[in-house]
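Beneath this line is the structure, given in structure tokens, with notes to follow.
The values are calculated or read from the model by the stated rules, or taken from the named source; none is laboratory data. Predicted model only: the values in this text are computed from it and were never measured. Methodologically, a virtual Cβ is constructed for each residue, glycine included, from the backbone with ideal geometry; neighbour enumeration extends over all protein chains shown. Only protein heavy atoms, including side chains, enter the accessible area calculation; ligands, DNA and RNA are left aside. Shrake-Rupley method; radii C 1.70, N 1.55, O 1.52, S 1.80 Å.
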Amino acid sequence: MIVTIDGPAGAGKSSIARQAADSLGFDFLDTGAMYRAVALAGIRADIDWDDAAAMLKLAQRSEIAFRNRRVWLNRDDVTELIRTPSVTDVIRHVADLPSIRALLTEKQRRYARGHDIVTEGRDQGSEVFPEAECKIFLTASAEERARRRQQQLGEVGRYVPLDTVLAQQNRRDEEDQSRPVGRLRPAADAVILNSDGLSLEEVLLEVLRIVHHRRAELAAAGA
Ligand code: DC
């Protein structure tokens, strides 16, 4: 069974998707980490971001792997590095390129083949796995997402004013929604889950309820 969880930055997708996969005993795929790893490869190679052919070649040569809950790029553990602002700042150069999206889409489909999987990103239900049995679009208001992000940053000792977090988030939302290919949007058959006012535990329970409900429907239909 394929469960897709898409949604904007800061909706809590990563932790929810990972915990849902653990509870279900499914594999977990963080597709944002793949885009981030290619962006890091670009920084390391001092790539010309406007050179689409060079970008594609670099992405083709980059070996991205998930092992022991860590992200590896060409055998380096880059789990923390790919989350740094310098990577986030250049990610659009990678995520906007249709050729790179096609390459990563293919990798994602290969990864999911023959597995029960929870896959998380922006385009998983709409583009990568249109046939997925269960699609969830996890969202929250911009203010709530920014408050949560501010809190996370505070927990690692970084105080960032709320309006700064909100401005950065609005920019990412704009980038994610205006991408010519693979833009952020719910698939027509996705369940929209708004997490405003819900705790992480409550969102997780709701996600699991949606998955179990969908499983029961499929079983009843003899699928
Ligand atoms: O989920 P994240 O913040 O780690 O994702 C990083 C960026 O990668 C995000 O701003 C957009 C891009 N992305 C994408 O275009 N398609 C995906 N399936 C996942 C992420």
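Yes or no: the range 155-169 includes at least one residue that is part of a loop (DSSP other than H, G, I, E, B), more than 16 Å from the ligand (Cβ to nearest atom) and β-branched (V, I, T). First the steps, then the outcome.
First pass over the range 155-169, keeping only residues part of a loop (DSSP other than H, G, I, E, B): 156-161.
In the following step, the residues that additionally are more than 16 Å from the ligand (Cβ to nearest atom) were identified as 156-161.
Imposing the further condition that a residue be β-branched (V, I, T) reduces the set to 156, 160.
So far as the range 155-169 goes, yes, one or more of its residues are part of a loop (DSSP other than H, G, I, E, B), more than 16 Å from the ligand (Cβ to nearest atom) and β-branched (V, I, T).
Is it true that G121 is under 23 Å from I16 (Cβ atoms), buried (at least 16 other Cβ atoms within 10 Å of the Cβ), under 15 Å from the mean Cα position of the chain (by Cα) and at pLDDT 95 or above? Before the answer, list the steps.
Details: under 23 Å from I16 (Cβ atoms): yes; buried (at least 16 other Cβ atoms within 10 Å of the Cβ): yes; under 15 Å from the mean Cα position of the chain (by Cα): yes; at pLDDT 95 or above: yes.
Spelling it out, G121 is indeed under 23 Å from I16 (Cβ atoms), buried (at least 16 other Cβ atoms within 10 Å of the Cβ), under 15 Å from the mean Cα position of the chain (by Cα) and at pLDDT 95 or above.
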- Test R109 against the stated conditions and say whether it is open to solvent by 10 Å² or more (accessible area, probe 1.4 Å) and within 29 Å of K57 (Cα to Cα). yes
- Query: Cβ-Cβ below 6 Å, separation at least six or inter-chain, first residue in the range 109-125 and under 16 Å from L208 (Cβ atoms), second in a helix (DSSP H, G or I) and within 7 Å of the ligand (Cβ to nearest atom): which pairs?
  - Reply: E120/K13
- Message: Quick check on my filter: what residues within the range 190-204 are part of a helix (DSSP H, G or I) and closer than 20 Å to G125 by Cα?
- Response: V203, L204
- Item | L208 surrounded by 11 or more Cβ atoms within 10 Å (Cβ to Cβ), within 16 Å of the ligand (Cβ to nearest atom) and among the aliphatic types (A, V, I, L, M) | no
- Would you list the helices (runs of 4 or more DSSP H) that sit entirely within the range 1-118 and hold 2 or more residues that are among the basic types (K, R) and within 13 Å of the ligand (Cβ to nearest atom)? 13-24, 98-112
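Tell me, which residue of the range 32-58 that is charged (D, E, K, R) and open to solvent by 50 Å² or more (accessible area, probe 1.4 Å) is nearest to T4 (Cα to Cα)? Full working, then the answer.
Narrowing the range 32-58 to residues charged (D, E, K, R): 36, 44, 46, 48, 50-51, 57.
Filter once more, so that each one left must be open to solvent by 50 Å² or more (accessible area, probe 1.4 Å): 44, 46, 48, 50-51, 57.
On the way: R44: 31, D46: 33, D48: 33, D50: 31, D51: 32, K57: 28 Å.
Here the residue is K57.
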- Message: Every residue in the range 148-183 that is farther than 18 Å from D89 by Cα and either small (G, A, S) or surrounded by 16 or more Cβ atoms within 10 Å (Cβ to Cβ) (or both), please.
- Response: R148, G154, G157, G182
- Note on the structure: Per the filter on the range 86-106, residues open to solvent by 70 Å² or more (accessible area, probe 1.4 Å) and without any contact (Cβ under 8 Å) to a residue 12 or more places away in the chain are D89, E106
